[in-house]
Amino acid sequence: MAKPFQIVIAGAGLVGSLLALMLGRRGYQVIVFEKRSDMRQRQMSAGRSINLALAERGIHALRQADLMDDVERLLIPMRGRMLHEVDGQLEFSPYGQRPHEVIYSVSRGQLNALMMTAAETHCEVDIHFQQAVQRIDLVNRTIELCDEVSQTTTQFEYELLIGADGVVSPVRDAIVQATGGNCSIDMLDHNYKELTIPAGAGGSFLMEKEALHIWPRGGYMLIALPNLDGSYTVTLFLPKAGNPSFQLIDEPHELDHFFRTQFPDATALIPDLQAEYFGNPIGELLMKACCYPVPALSRQRLWAGRTRPCELYRFTTYFRSLRELCQAIIRDRYRCCAK
């Protein structure tokens, strides 16, 4: 009897977890290796909550996975943008002309945890955490991993390897080397830092609940997305250098002056501004472009997925091409067995 067709996915983020769920539902044996610990068993690090603005294209992918009944409980509709001027004036700009034309605020962590749990309900899907990819042997189709707790290495065989392991991706590096492809990274001139507007009394929202709040200031801005508990996840986008910049605002009095002059209404709602600004990490923004020869990808039985949140929007197209590749590999496999 032929051994089961085994798919290995590197990365249990949004795309990796959703792929595992969809493939498991179709009877494929899937093993997922994730470098991080299980986010369902720990609190998310301060400054790393990362809300998503989920639109219809991303929701379509979740419907395909039969997840929307569970996901809907995590969503807050945002009917439009609420623009905050320096003088405190507000201007609401709706996303559409009809009541259903909205986008949704959702916690990336909660959405990711839901996807992982759904994937694990299928006996064909196993997720292994704290497993860092060390080496990929494309000729023998093996992947070597290091357990970050025990520091032991293990080797697994695969028939199809899917890279959904983020920007710093060992799978992508192996694909580039094997196919003669190329990747370029462009670091943007801006970084970001997360802050928090806490909930009011009794979990009340201190600003309009159903809006994506934006404080546009030309070369920099502040945004805030609502959370289910009445708080808002606030993100400051600021240049790395120049005036103003993260480099320049490095003292409490400089921070207070900057916020009180540029975001006065937000400042009144962020009681822990100094503690969060100086305590939370600075996030980097970058653009990474990769090009792989498609025939070479197929020969190596690799599939190059991406894990940015926006890739949920393209998920249906990705999954269709992945499913066709799986079917082609299975046909080749049984053709060989028949000879």
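Every number here is computed from the coordinates shown, using simple stated rules; none is lab data. Computed from a predicted model, the values in this text were never measured in an experiment. No Cβ is skipped: glycine too gets one built from the backbone with ideal geometry, and neighbour counts run over all protein chains shown.
So for each of 220-231, 268-279 I average, over its residues, the number of other beta carbons within 10 Å; can you give me the resulting order with the highest mean first?
Numbers: 220-231: 19.6, 268-279: 15.6.
In descending order of packing, they fall as 220-231, 268-279.
Just add up the charged neighbours of Ile249: K/R +1, D/E -1, any other residue whose Cβ is under 11 Å from the Cβ of Ile249. Present the calculation step by step, with values, prior to reporting the outcome.
Numbers: positive: Lys193; negative: Asp250, Glu251, Glu254, Asp256.
Residues close to Ile249 contribute a combined charge of -3.
If packing is taken as the average count of other Cβ atoms within 10 Å, what order do 167-174, 102-109, 88-95 fall into, highest mean first?
102-109, 167-174, 88-95
Label Arg98 and Thr154 with points 7 Å out from Cα along Cα→Cβ: what is the distance between them in nm?
4.9 nm
If I model a spin label at Ala201 and Glu284 as a point 7 Å from the Cα along the Cα→Cβ vector, what separation in nanometres do I get?
Taking the simple label geometry, Ala201 and Glu284 are separated by 4.6 nm.
Classify segment 7-118 as rounded, prolate or oblate, taking a ≥ b ≥ c as the square roots of the eigenvalues of its Cα gyration tensor: rounded when a/c is under 1.5, otherwise prolate if a/b is larger than b/c and oblate if not.
Values: a/c = 3.23, a/b = 1.72, b/c = 1.88.
It comes out oblate by the Cα gyration axes.
Residue by residue, what Karplus-based ³J(HN,Hα) values in Hz, rounded to whole numbers, does segment 246-255 have, using 6.51, -1.76 and 1.60 with θ = phi - 60° and x for Gly and Pro?
5, 5, 7, 8, 10, 10, x, 5, 5, 5
Shape of segment 175-248 from its Cα gyration tensor (a ≥ b ≥ c, root eigenvalues): rounded if a/c is under 1.5, otherwise prolate when a/b > b/c, or oblate? Please report the intermediate quantities before stating the final value.
On the way: a/c = 3.45, a/b = 1.77, b/c = 1.95.
Oblate shape, in that a/c is at least 1.5 and b/c is the bigger or equal ratio.
Taking amide H atoms as placed 1.01 Å from N in the peptide plane, list the residues 5 or more away in sequence, or in a different chain, whose amide H sits under 5 Å from that of Leu188.
Placed amide hydrogens put Leu285, Leu286, Met287 under 5 Å from Leu188.
Kindly identify segment 87-194 as rounded, prolate or oblate by the Cα gyration tensor criterion: order the square roots of the eigenvalues as a ≥ b ≥ c, call it rounded if a/c is under 1.5, otherwise compare a/b with b/c, prolate if a/b is larger, else oblate. Mind showing how you got there, number by number?
On the way: a/c = 2.40, a/b = 1.76, b/c = 1.36.
Prolate is the answer for segment 87-194, as a/c is 1.5 or above and a/b outweighs b/c.
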